[in-house]
Structure formats: structure tokens, C-alpha cells
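J.: Next up is a structure, given as C-alpha cells.
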Amino acid sequence: MTTTLATGALVDALGVDAVLTADSVRDAASHDTWPVATVWQKLGRHPYRPDMVVRVRSVKEIQSVVNIARESKTPLTARGLGSSVTGQPLPMRGGIVLDTSGLVGEPSLNEVDATVTVPAGVMGGDLETWLNERGYTLNHFPQSLYRSTLGGWVATRATGQFSSKYGGIENLLISYECVLADGTVAWLGQRPRAAMGPDLKQLLIGSEGTLGIVTGVTLKVFAQAEARSIDAFVLPDVQAGIDAMREIAQAELKPFLVRFYDADEARHAAPGAAADAPLLFLGSEGVGGVVEAEFAALTSIVERHGGSSIGAEPVRGWLGRRFDFSTVENLLATPGGYAETVEIANMWSRLPAMYDELKTALAPYADEVLGHFSHIYEQGSSLYMILLGHASNDEEALDRLETIWATAMEIVVAHDGEVSHHHGGGLARQAWVERSLGTGFPVLQKIKAALDPEGILNPGKLGM
């Protein structure tokens, strides 16, 4: 079956209004919010353009599209709201972009089990608002909360700003429904834990649509915290902050908020609050007496590493603007402007050296190179490198962005770090997938071959 015949079959199955082939629609589906793709758009380039965009509103419709794609050997790339910052939903080999943002419906709240079940096309911010009205919260706050879908969170292994306490989506997810490449539907999850074979729930988490399409999710919900304590601390240097975070994590304390900025980013995070010094934001929440005790322990650790409080106001300011993308978006909108966020991770023992080398090596490619640590674990932490710059034109800006990615990834691999903490691979990290996964890469290839032998689902991503 050719692409033309596939289009006809899709129109027959879903109706003419669901199958879109207009140039403007196809152009829009060839970009997400990855800065490189944004500059492509400014230059009028669409290197990864689908042949059509298909809008679906039910699991049955998704099954129909998958079956037609498989029979016609047409590439199929799922897309939610397009908030990826690494090119994950861009179709590397054309074909069909499956728009799942219409897969919405009323949430189902189970207050006894503390879960909520909802279609995968629902926007995260809409669900959070719905839960807040009933006294609950997801406690999952990616910066894209109001721009991303629940299915996208699962497909990209998303994490949120409060993950140091509540974990990433893999910890908050109870189960999910998915459509596989052969058109079958499966629910994968545990109740609440199981020893019957491997944890199949993990299979599609972070798979970027290469192994199946997530259509529904059941997530944990939490009662809104009764008490909260927050504060900001100046630290003498980056090493002191890293040491304090490591001690906090290894003491098994669970602050909901941990954000440690180097001196360069501290000026953005808390203008005027600290002069040329790193800054640590900390917060505890939960039951009143527990919060009080935990925050006292956190403060003691930070002070032992040379930290001193400057008050809670900088943290309150950040909490009020934490979903704001305007700094990056405004810079990208200017001629020659560029910005990039590269999030990586490493073990505590390797983290300082990796940070130092990234700061030095990336400095020639941007006006500002900012760094912060914001998701901590007993064994290590994530690290964000944020780059802001102006080039003479958009072509030069694109060249710098590509150089930034190549430079950063090579350094992370050399330090045996994780090339992505939570933004995923997408297009940005394609060249480093195999080196990152090492001997695990052939295992992933075998799983792909078993679940998607025709290779129709988001082909090219994750190196497959």
C-alpha cells in the first residue's frame, strides 16, 4: 500500500476531517519547542515533515491508524501538545503524525486508593486544576505542566520540580493503557507491587513512542500538604552546595524543593538577593510536626557546609514564576538569538569535575553559561546547563546550538554521566544513544524488533 492508498484508508476509517495534509498543518507538525527546531522554523526549514497529520479521539481510532500504518508500512509518530525540547515528536522518516491531543475525557478519582485515571491526551495543568478543586494534587510539576499531556509524560520519562521528594513519572505512575504496533491494547501496571515476572510497567516509560502509544494513565494523587517551610541559603562555593545536597539525600531527608544555582544563575534566580555567590533553595512540606523537624535538619546540614539564610522571599518569587518560559522564548524570537537547556546527571563522585569542564568548554559558545542542580538522589544529582546568546544571524545561531550539543554530550560521555536526566533523546541526542546505553543498546533493539517488527513506530528515535 502506498502513502496515497494509506491516506485513502485513513479517510475511510476516520473521516476526511481527521486526515490533514495542508502544508501549514504539516509544517507545524515538523517542529516542537526544541530551540534548534525553533531556529529551523525561523529559517523556513522543515527537515522532518510528515506526509499527513491524523487526529484521533478514541483508542479504537488509534487502533485503526496503527493497523493501516502497519499494513502500508507507513511510519507513525505520536504527538501530544508538541512541548518536547529535544525533537521527540518530529517524524524522522515522514509518514503519519498521530495527534493524540483529542484523547480527553473526565478523570476518575479513587479517594480510597489515592489514584486518578484519565485519558492520555489530557493536559497536565487541566488535571492538576481539577484535582486542586477536590483537595488533591499530582505533585508532578514539569515546567511544561500547562503545555504537555499525561501520555507525553510517560513516553518521555518526565520528571518535575518536586521530584526530590515525590519522584519522577516512573514513581508516580500506577498503570497505563497502550496500543502496540500490532494494534492490540494492553494495560501495564502493578497493584501496588508484584513479583510475577519483570515490571512490565517500565517497558514504555521513556520509550518516546517507539514501542507503543500510551492512551490512558492511572496516577497517584496526594492530599494537599497541610504545612510548608521554605528558605534560601547563600553557599561559599559550588562544591559546598554539592556536598550539602549529597548529605541531605544520603540522610534520607525528602525536601520537596531542592534547587542549587551557581553564582551565574543565582543572579537570574534571585536578582539582588546574593552577590556573586551560589544559592540554594530548599523546601519541606507535609504534616506540620514532621515538616518542622525535617526543615531544622536541612538547615543544620546547610549551615555545617557554610550556608547562611537570606530568607524565603527568593523562593516565593521562583514558585510564582516557575512555569514561565519567556526568557528563552523571547531570546529565540530575536534575530540571531539562541538559548538552550542541556540537562544531564552523574554520580556525586563525578559530578563536580563534569560541571567544571562543561562550564569552561561551553563558555566560548554563549554570552552566559548558567548551571543549577535540581533533582537529587542518594547516589547523585541532575545538572542543568543553560546557555543564552546572540549571534550575528540565525544561521550562526543554529551553528552554535549544534556545537553546544556536540560539546556537551562528548563531555558527559567522557565523565560516564547520563546524557539526559529527563528531557529524553529525541533528535538532540541521537548521535549519543548507543554510547549512552552501552551493552544495553542491543537489548533495546531486540525489544523493538519483537514489539514492532515492521519498525513503524517513531522510526529513527533512540537509535532505532
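J.: Nearest 500 deg cm²/dmol is fine: what mean residue ellipticity at 222 nm does the chain get from its DSSP H runs of n ≥ 4 alone, each adding -39,500 (n - 2.57), divided by its residue count? It would help to have the intermediate numbers written out before the result.
T.: Numbers: 17 runs with 167 residues, N = 464.
So the calculated ellipticity at 222 nm is -10500 deg cm²/dmol.
J.: Starting from the Cα of residue 319, step 7 Å along the direction of its Cβ; do the same at residue 350; then give the gap between the two resulting points in nm.
T.: Distance between the two pseudo-spin positions: 3.6 nm.
J.: Follow-up question, since we're still on this one. Tell me which trypsin sites (Lys or Arg not before Pro) from segment 263-340 have a DSSP coil assignment and no more than 16 other beta carbons within 10 Å of their own.
T.: Details: sites: 267, 304, 316, 321, 322; in loops: 322.
Taking segment 263-340 and a limit of 16 other Cβ atoms within 10 Å, the loop trypsin sites (Lys or Arg not before Pro) found are 322.
J.: What share of all Cα pairs of segment 227-319, in percent, falls into each consecutive 5 Å distance bin?
T.: 3, 16, 28, 25, 18, 8, 2, 0
J.: Shifting gears a bit: I'd like the distance separating the alpha-carbon centroids of segment 311-336 and segment 67-144, in whole Å.
T.: A separation of 25 Å, based on Cα centres.
J.: Further question: Compare the Cα positions of 424, 352, 3 along the charge dipole of the chain (+1 at Cβ of Lys, Arg; -1 at Cβ of Asp, Glu; about the Cα centre) and return the one farthest towards the positive end.
T.: 3
J.: Please report, ordered by residue number, every helix of the chain (full DSSP H runs) that is 27 Å or longer along its axis going by C-alpha atoms and whose mean Kyte-Doolittle hydropathy reaches -1.0.
T.: Values: long enough: 394-414 (30 Å, 0.30).
Both cut-offs are met by 394-414.
J.: With a cut-off of 20 Å, note down the residues of segment 113-134 whose backbone N falls inside the zone around a label point 7 Å from the Cα of residue 193 toward its beta carbon.
T.: Counting only backbone N, you get 113-115.
J.: With the cut-off at 1.5 for a/c, could you classify segment 57-125 from its C-alpha gyration tensor as rounded, prolate or oblate?
T.: Note, shape of segment 57-125 comes out oblate.
J.: Calculated FRET efficiency, residue 224 and residue 293, Cβ-Cβ r, R0 22 Å, to nearest 0.05? Let's see the in-between values first.
T.: Numbers: r = 20 Å, r/R0 = 0.92.
After rounding to 0.05, the efficiency reads 0.60.
J.: Would you kindly give the portion of the calculated P(r) for segment 146-186 that falls above 10 Å, as a percent of all Cα pairs?
T.: On the way: 616 of 820 pairs.
Of the Cα pairs, 75 percent sit more than 10 Å apart.
J.: Once the dipole of the chain is set up with Lys and Arg at +1 and Asp and Glu at -1 on Cβ about the Cα centre, which of 149, 250, 306 lies farthest towards its positive end?
T.: 149
J.: Turning to a different aspect of this structure: I'd like the distance between the alpha-carbon centres of segment 161-182 and segment 365-403, rounded to an integer number of Å.
T.: First find each Cα centre; the distance between them is then 27 Å.
J.: Determine how many Å³ per residue the convex hull of the Cα atoms of segment 332-464 encloses.
T.: It is 121 Å³ per residue.
J.: Highest mean first, how do 307-314, 88-95 rank when packing is the count of other Cβ atoms within 10 Å averaged over residues? If you can, show how the numbers build up before the last one.
T.: On the way: 307-314: 16.4, 88-95: 23.2.
Top of the packing list down: 88-95, 307-314.
J.: Related question: Give me the compactness ratio for segment 108-223, meaning the Cα radius of gyration over 2.2 N^0.38 Å.
T.: 1.00
Since every read-out is calculated from the coordinates, none of them should be taken as a lab result. What you see is a predicted model, and the numbers here were worked out from it, not measured in a lab. Because the Cβ atoms are built from the backbone with ideal geometry, glycine has one as well, and the counts that use them run over all protein chains shown.
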